[in-house]
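Everything below concerns the one structure shown next.
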Amino acid sequence: MDRKIVIVGVGGTLREGSSTERAVSDVLRHAETLGAETQMVAGPALAMPFYSTETDDRTEEAKTLVDALRRADGVVIGSPGYHGGVSGLLKNALDYVEDLRCDERPYLDGRAVGLIASAAGEQAAMTTLGMLRDITHALRGVPTPYGCVFNSADKSQQRLDDTADKLKIVGEQVYTIAAALSALRGG
C-alpha cells in the first residue's frame, strides 16, 4: 500500500471526555498501532447548526467534518443511546454527509464503518447500535461485522476490561476492511 489508511472518528456528546468519546478515541488509538492515520471529530466540534439543503453556507466545524469524511477510508461512529436512538447531536452531524453526495465516492460509499453505542443499559445500547447500522447502510457505508455496545452506568473494572477488548475488535475490523476496500479501488 502506497499510503496510510485514514480513519475518522465521529461521536460523543457535548460533555468533553464522555464515555462514548473515549471509546471512539480508543478505537482510533488501536487503528494507529496497526498503521492508520486518524482524526477525531467529537463533542463540541459536532455542535453545528441544523443541516439544511437550502444553503451552502457551512460553519468551520461542518467543513472540518465533511473534509475529514471525504478523505476517510474508514469511519468510527459512536453514539450514546438517547431514548432508544442516536443522539440528536450525532444525527445532525451525519446529516452533513449529504454534502458528499456529488463526490466521486458519494456519502460513505466504499468506507468501512465501525459502530459503538453506549447507554445506561444494554437494551438502549442495542437499539442505538441497530439505528447506527441502518444509518450506515443508508449512507452506503460498509458496517463492520462487529459493533461494540456497553453499559456506561457500569463502572466496574470487569466492564472496562471487556469494553477495551470489544473496542480493539472494532479497530481491527475497521482498519482491515478499510485497507482491503482501498486496495480494491487501487489506493
Exercise for the section: Mind listing just one residue for me: the one in the range 40-50 that is open to solvent by 30 Å² or more (accessible area, probe 1.4 Å) and part of a helix (DSSP H, G or I) and, of those, modelled with the lowest pLDDT? Expected result: Pro44
Problem - Candidates Val27, Val41, Val6 - the one that is of a type in the set (Val, Ile, Thr), over 14 Å from Gln173 (Cα atoms) and out of contact with any Pro (no Cβ under 6 Å at 6 or more places or on another chain) - result: Val41
Problem - Selection within the range 25-39 - of a type outside the set (Ser, Thr, Tyr) and assigned to a strand (DSSP E or B) - result: Glu37, Gln39
Handout entry: Odd one out for Ala183 among (1) assigned to a helix (DSSP H, G or I); (2) surrounded by 18 or more Cβ atoms within 10 Å (Cβ to Cβ)
Key = (2)
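Taking into account only those residues within the range 57-76 that are basic (Lys, Arg) and out of contact with any Leu (no Cβ under 8 Å at 6 or more places or on another chain), which is least open to solvent (accessible area, probe 1.4 Å)? Spell out the reasoning first.
Kept after step one, since they are basic (Lys, Arg), are these residues of the range 57-76: 58, 63, 70-71.
From what's left, out of contact with any Leu (no Cβ under 8 Å at 6 or more places or on another chain): 58, 63, 71.
Values: Arg58: 46, Lys63: 93, Arg71: 105 Å².
Of everything passing the filter in the range 57-76, Arg58 is least open to solvent (accessible area, probe 1.4 Å).
Table: residues versus (1) open to solvent by 30 Å² or more (accessible area, probe 1.4 Å); (2) farther than 19 Å from Leu167 by Cα.
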| site | (1), (2) |
| --- | --- |
| Gly9 | no, no |
| Gly12 | no, no |
| Gly17 | no, no |
| Glu21 | yes, no |
| Asp26 | yes, no |
| Thr38 | yes, no |
| Ser52 | yes, yes |
| Thr55 | yes, yes |
Problem - Among (1) part of a loop (DSSP other than H, G, I, E, B); (2) of a type in the set (Val, Ile, Thr); (3) in contact with a helix residue (DSSP H, G or I) (Cβ under 9 Å, 6 or more places away or on another chain), the one test that Thr55 misses - result: (3)
Practice task
Might you check whether a residue that is closer than 23 Å to Thr163 by Cα and either in contact with a Cys (Cβ under 6 Å, 6 or more places away or on another chain) or of a type outside the set (A, V, I, L, M) (or both) occurs anywhere in the range 85-102?
Solution key: yes
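The values are calculated or read from the model by the stated rules, or taken from the named source; none is laboratory data. Owing to the predicted nature of the structure, the values given are computational and were not obtained by experimental measurement. So basically every Cβ, Gly included, is an ideal-geometry build from the backbone, and we count neighbours across all protein chains shown. These accessible areas exclude ligands, DNA and RNA; they are computed on the full protein's heavy atoms, side chains included. Shrake-Rupley method; radii C 1.70, N 1.55, O 1.52, S 1.80 Å.
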